[in-house]
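One structure is given below, encoded as structure tokens.
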Protein chains: 2
Amino acid sequence: MITVSVLGSGNVAQHLVAALGASEKVKLVEVYSRNIPAFIIPETVSHTTSLRSLLPADLYIIAISDSAVADVSSRLPFKDCLVVHTSGSLPYSVINPCNRRGVFYPLQTFSRNKAVDLKSVPLCLETEFETDYDLLSTVASAITGQIHKIGHQQRKALHVAAVFVNNFANHLYVQAAKICEQHDISFDILKPLILETADKVLTLPPVEAQTGPAVRNDSNTLQAHIDLITDPTQTDIYQLLTKAIQEHGKKL
Amino acid sequence: MITVSVLGSGNVAQHLVAALGASEKVKLVEVYSRNIPAFIIPETVSHTTSLRSLLPADLYIIAISDSAVADVSSRLPFKDCLVVHTSGSLPYSVINPCNRRGVFYPLQTFSRNKAVDLKSVPLCLETEFETDYDLLSTVASAITGQIHKIGHQQRKALHVAAVFVNNFANHLYVQAAKICEQHDISFDILKPLILETADKVLTLPPVEAQTGPAVRNDSNTLQAHIDLITDPTQTDIYQLLTKAIQEHGKKL
């Protein structure tokens with residue numbers, strides 16, 4: 001059975017450890033982190049705080065912040081092993097070249113307090129050597145049905161797109177929650193709309209799902225909204241995204 | 001049994017007709033629209049293209065564009081009847097005052113080609129006269145379990161918040177789809193992330209759900225993304241929302 005170790009103690013490491021630890025297709029051997037992680041490591045899995053004492057494994061997954069990947073990879077006490085990172089942005093070449101390198105990028109948002117079913121999470125894979133792809137793909141198949149072979153340029157673009165649909169969309173929720181709070185309205189009222197907005201683009205192209213005053217060029221409502229907003233950041237967002245919706249409409 | 005008529009042929013009218021037509025709590029009497037609507041009207045329900053020949057009903061729901069509500073309401077051939085509109089922005093006072101007025105605002109996004117289960121859609125109600133609230137609330141309860149008594153100021157604020165979480169979030173999906181297209185990536189890969197982003201804020205406050213390079217102040221990734229983006233509108237959106245996430249972080 002393929003053996004895997006996970007290096008890291010953050011949100012991505014936590015979710016990978018849970019999924020790999022529960023899989024019967026691969027064996028999670030060890031978790032490395034500088035400190036004892038806040039999440040639960042299965043009893044059958046070792047934990048080490050020393051890179052030098054890492055157990056042998058077929059695959060090492062470095063699931064740590066982008067800025068630390070190069071350093072940790074250069075301190076691995078072995079060579080010619082398969083070492084991958086989980087970053088959407090970095091090329092595999094940041095990993096020390098004394099090992100065989102690759103990428104194992106889960107396209108999902110992970111927070112400590114929210115369980116995610118990895119089965120539907122796309123994993124974007126890349127390997128330095130074609131001969132390593134099968135092994136990486138087998139490990140990926142232990143946790144998800146959605147595996148994509150994606151090189152660095154496409155992965156970087158996908159990461160930018162992910163920032164738009166996740167980080168930025170979530171910030172719109174943050175601003176909406178502020179508006180609700182300011183007007184003594186429960187944010188709960190917006191939840192069905194938030195869910196339907198996402199659900200809609202599972203079946204409709206986003207451009208067909210667009211509704212609202214901007215796409216209708218309903219200038220009375222747009223002005224009424226601008227008049228109601230008191231927060232300058234909200235005004236900037238409102239004006240920019242309204243203009244973007246209207247310009248996109250014109251180009252079609 | 002309470003009798004209801006719907007005036008309109010757009011997306012909101014379509015969904016209200018389907019829900020009210022299927023309800024056993026109220027009787028949908030008639031649908032008015034200038035032209036034959038593109039959606040199906042139940043066989044037991046009349047259709048008219050003449051406001052002057054409207055059948056009697058306990059409640060008339062005007063589900064048409066904001067700019068036409070005042071005019072249509074002023075051409076109704078009766079007085080002292082309960083007449084409501086479905087707008088998030090307008091006060092009930094745009095309705096001609098010869099009738100008893102109110103608002104029946106479904107907080108949801110409706111498109112012709114996407115069915116919506118109204119059972120989970122919040123309905124925001126307001127009536128000019130307190131004595132009409134029970135009737136409006138009974139009709140609302142025929143289609144949803146989520147009924148909120150909300151006045152004009154709060155409803156306007158809610159509508160702005162809805163623009164953020166729906167119209168603007170959807171536009172972010174539009175931009176992400178463009179990025180995918182430009183880099184020959186299937187938009188499908190983003191769908192699990194889109195759904196999880198929405199799902200997350202059902203249980204976590206949005207501010208706790210925030211992840212990504214902006215909130216981490218990961219300047220290398222932020223710069224790499226700006227370098228990758230070639231569309232000026234995407235650059236503007238990226239910079240503004242990144243700044244907003246970072247400023248919001250500082251205020252906490």
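With a ≥ b ≥ c taken as the square roots of the eigenvalues of the C-alpha gyration tensor of region A:29-144, please select rounded if a/c is under 1.5 and otherwise prolate if a/b is larger than b/c or oblate if it is not? Rounded shape, in that the Cα axes give a/c under 1.5.
Can you pull out the chymotrypsin sites (Phe, Trp or Tyr not before Pro) in region A:97-134 whose DSSP state is coil and whose Cβ has at most 12 other Cβ atoms within 10 Å?
Within region A:97-134, the qualifying chymotrypsin sites (Phe, Trp or Tyr not before Pro) (loop, at most 12 other Cβ atoms within 10 Å) are A:PHE129.
Once the Cα atoms are used to define both axes, helix B:232-251 deviates from the longest principal axis of chain B by about 90 degrees.
Solvent-accessible area per residue for the protein assembly as shown at a 1.4 Å probe radius, Å²?
41
With a/c under 1.5 counting as rounded, go ahead and sort region B:27-69 into rounded, prolate or oblate using the C-alpha gyration tensor (a ≥ b ≥ c being the square roots of the eigenvalues; past the cut-off, prolate if a/b is larger than b/c, else oblate).
Note, shape of region B:27-69 comes out oblate.
Projecting 7 Å from Cα along the Cα-to-Cβ direction, the label point of B:ASP231 sits 2.6 nm from its equivalents in the other copies, listed shortest first.
Counting from the shortest, the label point at B:PRO42, 7 Å from Cα toward Cβ, is 5.3 nm from the same position in each remaining copy.
Comparing Cα centroids, region B:64-107 and region A:103-169 end up 51 angstrom apart.
Computed from label points 7 Å out along Cα-Cβ, the spacing between B:GLU24 and A:LYS119 is 3.5 nm. Rounded to the nearest 10 degrees, what's the angle between the helix B:219-228 long axis and the longest principal axis of chain B, both from Cα atoms, 0 to 90? The answer is roughly 70 degrees.
Over chain A, dividing the summed -39,500 (n - 2.57) contributions of all DSSP H runs of at least 4 residues by the number of residues returns a 222 nm mean residue ellipticity of -12500 deg cm²/dmol.
Relative to the current alpha-carbon distance between B:ASP231 and B:MET1, full extension at 0.36 nm per residue lengthens the span by 77.1 nm. Helix B:169-182 and the longest principal axis of the Cα set of chain B meet at an angle near 50°.
Along chain B, the longest continuous region that contains none of the GluC sites (Glu not before Pro) in a DSSP loop with at most 10 other C-beta atoms within 10 Å is B:44-252. Here A:SER74 and A:ASN35 are evaluated by their C-beta separation; at R0 = 25 Å the FRET efficiency comes out at 0.75.
What separates the B:ALA115 label point from its copies, with the point 7 Å along Cα to Cβ, is 3.0 nm, written shortest first.
Measuring spread by the Cα atoms of the protein assembly as shown yields a radius of gyration and Dmax of 26.5, 87 Å.
In summary, no aspartates and glutamates lie within cross-link reach of B:LYS25, defined as a Cα separation below 13 angstrom excluding same-chain residues under 8 places away.
For region B:103-155, the calculated P(r) over all alpha carbon pairs, in 5 Å bins from 0 to the bin holding the longest distance, is 5, 21, 29, 22, 14, 7, 3, 0 percent.
The values are calculated or read from the model by the stated rules, or taken from the named source; none is laboratory data. This is a predicted model, so every value here is computed, not measured. Glycine also receives a Cβ, built like all others from the backbone with ideal geometry; neighbour counts cover every protein chain displayed. We work out accessible area using only protein heavy atoms, side chains counted, and drop any ligands, DNA or RNA first. Shrake-Rupley method; radii C 1.70, N 1.55, O 1.52, S 1.80 Å.
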